[in-house]
Amino acid sequence: MRAGCPRRYLKSLQELVSLLLDNVSSYLAVGCLLFIFICVFALMSLHTFGALALDITFPNFQDFPNAFIACFQVSCCCHTSLPPTQPPTLLTYSLRC
């Protein structure tokens, strides 16, 4: 076996890289739109749930960064705030995507 990349794969790799680089502006537009949606929902949740006194410390809706992180976690279905040994409840089933 020879070390290195065979030349027959370089052309297709160049095509893939050029295709990705041509569409970077589209990816940035989708990312900016997602960021704006999360900011809007974080502000709405901060206004709606910010006055609630909850027993949890993180994520909460007391300030904008925590509200943003909570909205990002819900949008990505990342439930890292739940310990893995906690049995699932009705709320955790309703939050799963």
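All of the numbers you see were taken from the coordinates with simple rules; none came from a lab. The shown structure was predicted, so the numbers you read here are calculated from the model rather than taken from an experiment. Quick reminder, even Gly has a Cβ in these numbers, built from the backbone with ideal geometry, and neighbours come from all protein chains shown.
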Say a paramagnetic label sat at a point 7 Å from the Cα of residue 30, along Cα to Cβ; which residues of the range 6-20 have their backbone N under 14 Å from it? 20
So for 68, 35, fewest C-beta neighbours within 10 Å to most, what's the order? 35, 68
Added length on full extension, which subtracts the Cα-Cα distance from 0.36 nm per residue, residue 74 to residue 37: 12.1 nm
How far apart, in nanometres, would the label points at residue 63 and residue 18 be if each is projected 7 angstrom from Cα along the Cα-to-Cβ direction? 5.0 nm
Counted neighbours (other Cβ, 10 Å), sorted fewest up, put 41, 61 in the order 41, 61
Each label point is 7 Å from the Cα along the Cα-to-Cβ direction; what then is the distance between the points at residue 10 and residue 55, in nm? 6.5 nm
Through the Karplus equation 6.51 cos²θ - 1.76 cosθ + 1.60, θ set to phi - 60°, convert the phi angles of the range 39-44 into ³J(HN,Hα) values in whole Hz; use x for Gly and Pro. 5, 5, 5, 5, 5, 5
